[in-house]
Amino acid sequence: MSGQNTGGHGGRIEVYRCADCGSVMATFTVVCHSCMSARIEKAALGGSGRVQTFTILSVPSEAFADEAPYAYVIVRLHEGCTVSGWMRGVGSPAELAIGDEVEYSGMRGQASVFKKKVSGG
Amino acid sequence: MSKFGKMKESSRESMSAVSLSALNDAGLSPREVDSAFYSNAFGITEKQLHIGPLINTSLGIPEKPSIAIESACSSSSAAMHEAYIHIASGADDICLVAGGEKLSHLSTMEATSYFAMGSDYAYEAINGVTFPGLYAAIAVAHMNKYGTTQKMLASVAIKNHENALSNPHAHLHRKLTEEAYLESPVVAYPFRLYDCCPFSDGSSAVVLASEEKARELKDELVEVAASERAGSVATLQERKDITGIDGAELAGRKAFRKAKISPSEIDVAEVHDCFTIAEIIATEDLGFFKKGKGGEAAIQGETALGGSLPVNTSGGLKAKGHPVSATGAAQLHELYEQLLQKSGNRQVEGAEYGLAHNVGATGGSCTVHILKRRR
Ligand SMILES: CC(C)(COP(=O)(O)OP(=O)(O)OC[C@H]1O[C@@H](n2cnc3c(N)ncnc32)[C@H](O)[C@@H]1OP(=O)(O)O)[C@@H](O)C(=O)NCCC(=O)NCCS
Ligand SMILES: [Zn+2]
């Protein structure tokens, strides 16, 4: 099985969409969680949204051992589903808050990298 | 149960020893066991799977059926539930449940990596989050929504370290002050070292018997008034609200209905405090306190010994320790002693009903047991 990350290219993030009711789901599924339809298709979203919650890891995971501290974020995409991601160089809660605008900016290994949105909205 | 902490023995040795002592305590020979339910989620780190027949053989009962049950941190409460179903169905009269884990041969990094396999690896671990990180993200959301504070988190850790001082089985026997908490290193914002349970070794076992058999064995009994399980979406990103665990709420509601009591009738509770926020959320999900009020209840001492509902008198996962697969059965061990008034300095006077709440990972699997003193 592939995660959300194997298909993310060029600022887009791969998700699952129900061909019957249009619901969008970020996590691997074989049925639609709204209508139970099994007609699930892959789709790509623009990848910008708001931070729903986050943490800043000082004790890193193995794959990010050289990157601590960094942030793990759960992001509510403007297009209507919620994804997880990684943010480089966030060292203190003064630098990140719930509600901050962030955007998907590609991958680091298999992780989905998010960055703070720079102006313009 | 064994002393939690660092052990020399393998899981196989330790689980066999606690199984035999639980059977002896019940006045039984291993030969009287009908089925055995074992949990050893991280046995693979000891290069051993399929531990059931090894333990049965060491107990002299290789011919008995055994099964290993894995449900992350809730493994042995899930095993207990299966044993309960075997007895309730009439299939068995006596079941043995044991859980154990050895982790001290792993570095912190290795253990963290193994534990991450209990998350939704493809979406969570892959993005650099660890278990402390997942619960930290839950804490950030809870603090943002309800105004839960760092001092409230600290109060949970301080209480559980205090309780562990009078539990000889506990891993950490160290009084914790707010100053020491605040000076301890940050692990994953907002968690400091003392918000986290340690990596522990240890084993625990429970013997479950039908009412008829149990009456033949002992005068003082503890009844399983409810054994209920439920689930939640495993992946935090798919949950509607991460400030609670809906599977735990559901398992709790089912358990109270089954036992025909309300949350206010519980005298003592062991809840899954792998991280300080987890205890706060558990006390809300179970209906002991209103949503968002668990932190306030903790800092006001309501969950301390002598409070309105003593929670984690054993020291909890926080200070008693968290040898993953041993935890669910160890919670039941604490309640068993509490209900039989054998808890010494940490005794809750006259306890009649105890509740155990055990969740796997961030709540994908949830078990709630209600135990009742029988005379
Ligand atoms: C918090 C954590 C990172 C600390 O690990 P660490 O920094 O490697 O700590 P060490 O093992 O080096 O221990 C250092 C000291 O702190 C103590 N200690 C370790 N973890 C502790 C904890 N969680 N609480 C209190 N004391 C702890 C040790 O006993 C040791 O004391 P000593 O020096 O007197 O012997 C680690 O315990 C952890 O990740 N815990 C969470 C486990 C987990 O995720 N469980 C699954 C839950 S779902
Ligand atoms: Zn649909």
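With all protein chains kept in place, the per residue accessible area of region A:47-116 amounts to 39 square angstrom at a probe of 1.4 angstrom. Straight-distance candidates among the lysines for linking to residue B:6, with alpha-carbon spacing under 18 Å and chain neighbours fewer than 8 residues away dropped: B:102, B:318, B:320.
Once you order the gyration tensor axes a ≥ b ≥ c over the Cα atoms, which shape class does region A:47-116 get: rounded for a/c under 1.5, otherwise prolate or oblate by comparing a/b with b/c?
Taking the square roots of the gyration eigenvalues as a ≥ b ≥ c, region A:47-116 is oblate.
Overall form of region B:1-73: oblate. Here a/c, set by the Cα gyration tensor axes a ≥ b ≥ c, is 1.5 or more, and a/b is not larger than b/c. How large, in percent, is the carbon and sulfur part of the accessible surface of region B:53-167 at a probe radius of 1.4 Å? C and S atoms contribute 58 percent here. Rounded to the nearest 0.05, the FRET efficiency derived from the C-beta distance between residue A:95 and residue A:39 at R0 = 41 Å is 0.45. For chain B, take the longest principal axis of its alpha carbons; what is the angle in degrees between that and the long axis of helix B:276-285, to the nearest 10 within 0 to 90? Rounded to the nearest ten degrees, it is 70. Once all protein chains are placed together, residue B:73 keeps about 20 Å² accessible to a 1.4 angstrom probe.
How many partner chain Cβ atoms sit within 10 Å of a residue's Cβ in peptide B:183-195, on average, as a whole number?
3
3J(HN,Hα) couplings calculated from phi for region A:98-112 with the Karplus curve 6.51 cos²θ - 1.76 cosθ + 1.60 (θ = phi - 60°) are, in sequence order, 4, x, 4, 7, 9, 9, 5, 9, x, 10, 10, x, 9, 7, 8 Hz; Gly and Pro show x. Of the residues B:76, B:58, B:35, the one that moves most in a GNM of chain B with alpha-carbon contacts below 10 Å is B:58.
The alpha carbons of region B:297-368 give a radius of gyration and a Dmax of 12.5, 35 Å, in that order. Working from label points 7 Å from Cα in the Cα-to-Cβ sense, the residue A:31 to residue A:118 distance is 4.6 nm.
Take the accessible area of chain B alone and of chain A alone, subtract that of the pair, and you get about 2500 Å² summed over both chains, using a 1.4 Å probe. Computed from the alpha carbon positions, the gyration tensor of chain B leads to an equivalent ellipsoid with semi-axes of 30, 23, 19 Å, biggest first.
For region A:47-116, the fraction of 1.4 Å probe accessible surface lying on carbon and sulfur atoms is 47 percent. For region B:256-345, the calculated P(r), taken from all Cα-Cα distances in 10 Å bins from zero up to the bin holding the longest distance, is 17, 51, 31, 1 percent.
In percent, rounded to a whole number, the relative contact order of region A:47-116 is 33, using alpha-carbon pairs under 8 Å and six or more apart. In straight-distance terms, cross-link reach from residue B:3 covers every one of the aspartates and glutamates whose alpha-carbon lies under 15 Å from its own, apart from those fewer than eight places away in the same chain; here that gives B:13, B:101, B:201, B:334.
For chain B, the mean residue ellipticity at 222 nm estimated from helices alone is -11000 deg cm²/dmol, where every DSSP H run of n ≥ 4 contributes -39500 (n - 2.57) and the total is divided by all residues, rounded to the nearest 500.
With the Kirkwood sum run over all distinct C-alpha pairs, chain A has a hydrodynamic radius of 15.0 Å. Who wins for biggest fluctuation among B:57, B:276, B:130 in a Gaussian network model of chain B, springs between alpha carbons below 10 Å? Between B:57, B:276, B:130, it is B:57 that shows the largest mean-square fluctuation. Angle, helix B:131-146 long axis vs. longest principal axis of chain B, Cα atoms, 0 to 90°, nearest 10? Roughly 60 degrees between the two axes.
In loop segments of region B:212-278 as defined by DSSP, the trypsin sites (Lys or Arg not before Pro) with at most 10 further C-beta atoms inside 10 Å of their C-beta are B:240, B:260. The C-alpha atoms of chain B define a longest principal axis, and helix B:75-88 lies at about 40 degrees to it. Its residue count N sets the reference 2.2 N^0.38 Å, and the alpha-carbon radius of gyration of the protein assembly as shown equals 0.97 times that reference.
The values are calculated or read from the model by the stated rules, or taken from the named source; none is laboratory data. The model shown is predicted, which means the values in this text are computed figures rather than measured ones. Cβ atoms come from the backbone with ideal geometry, glycine included; neighbour counts cover every protein chain shown. Note: areas computed on protein heavy atoms with side chains; ligands, DNA, RNA excluded. Shrake-Rupley method; radii C 1.70, N 1.55, O 1.52, S 1.80 Å.
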